[in-house]
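Notes follow once the structure below has been shown.
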Amino acid sequence: MERADAGAEVVEAHRTVAALYCPAVAAARVTLPGVMDAEGRVDESRLRMHVFKNGGVLPHERSLVWRFLFGMYPCSSTALERPLLLEQMVVRYQVMKGKWQRLLPSTVNMHINGTDAELIVAIQYFNKRQSWIQQQSNQNSQEVRERLAFLELQSQILFERVSMDQEELQEAIRIIDKDVPRTNRDLSYYKGEGSGNLLVLRDILITYAAFHPEVSYAQGMNDLCSRFLEVLDSEVDTFWSFSCYMEKFSKDFRADGLHRKIELEAALLKELDPHLYGHLMTENMESFTFCHRWLLLGFQREFDSFTVRLCVCLRS
């Protein structure tokens, strides 16, 4: 992609703030035995079997594997096709983000409580990152600029028909701005200069809410999406991976979807541990309300480093 990797190079020297996107990963090879062929296609069934049998993948394999496992890259794509797919996804994401920012310019910058010193510093780190990305973009060759301009025109035509309910989106942003500061800042990824990743997370969540009004934003999505950002370390890659994940699991953030999960959990517990099930019934705990957060967030707050492995296993 010649110099179209603007934003990715930016963070090589500043790894604590997420890249805009990661072109190097697009052409990387999955090293798991028998999973990827010579042209870079992934055998999805073998990948899922490996994940399930081994309780996840090793940390150095996780970033690339998640991009396939959660659907950002089709398993049928080749190593030559993926950089082109990524280029298209980058441009589409930027057009999508630009659309809501133009609609609600007052929401582009996060309005924070002046007493949150960490978040004030986080905004400074985030703004530095934005400047780096712009500088790198300005260094693209003429050929790359022309190609990106054509992709941008295509994306603008594609999303021109998308209408946004201004009031609903403003309400979603209000809730996001409350939830993002509550994201688990004990994770090293969100400490120090990495606190700027909270603002990256905010942009991802708002863009998702703007283009998925049937789902919009629900409390808890910030914790879920924060793990994607931690593993993928890229704004664009996180957005598309999270969006693919939500295609299948967005119903969990609706009351009826979570109720169904709880019903299944109760039935499973009754089958596997009837004594414990009976005890919970005796103690009037048949609603299983203590499990709501576990099921909604995939144990994000209950476990630390083990959580990312658990997330992959549950997905497989």
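Bear in mind that the values in this text are calculations on the coordinates, not laboratory data. These figures come from a predicted structure and were not determined experimentally. Glycine also receives a Cβ, built like all others from the backbone with ideal geometry; neighbour counts cover every protein chain displayed.
What the table below lists for this structure:
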{"quantity": "Residue with peak Gaussian network fluctuation, the chain [Cα springs, cutoff 10 Å], from 65, 95, 144", "calculated": "144"}
{"quantity": "Helix-only mean residue ellipticity at 222 nm for the chain, each DSSP H run of n ≥ 4 adding -39500 (n - 2.57), per residue, nearest 500", "calculated": "-19500 deg cm²/dmol"}
{"quantity": "Student exercise, the chain dipole from Lys, Arg, Asp, Glu Cβ charges, in Debye to nearest 20", "calculated": "240"}
{"quantity": "Cα centroid separation - the range 229-262 against the range 154-170, whole Å", "calculated": "21"}
{"quantity": "For the range 54-99, with +1 on Lys and Arg beta carbons and -1 on Asp and Glu, the positive-most of 65, 91, 77 along the dipole", "calculated": "91"}
{"quantity": "Among 268, 229, 103: highest mean-square fluctuation, GNM of the chain, C-alpha pairs under 10 Å", "calculated": "268"}
{"quantity": "253, 68 arranged by Cβ crowding within 10 Å, fewest neighbours leading", "calculated": "253, 68"}
{"quantity": "Peptides ranked, highest mean first, by Cβ atoms within 10 Å: ranges 160-170, 185-195, 208-218", "calculated": "208-218, 185-195, 160-170"}
{"quantity": "Backbone HN-Hα couplings from phi across the range 33-40 [Karplus 6.51/-1.76/1.60, Hz, Gly and Pro as x]", "calculated": "x, x, 8, 10, 8, 4, 8, x"}
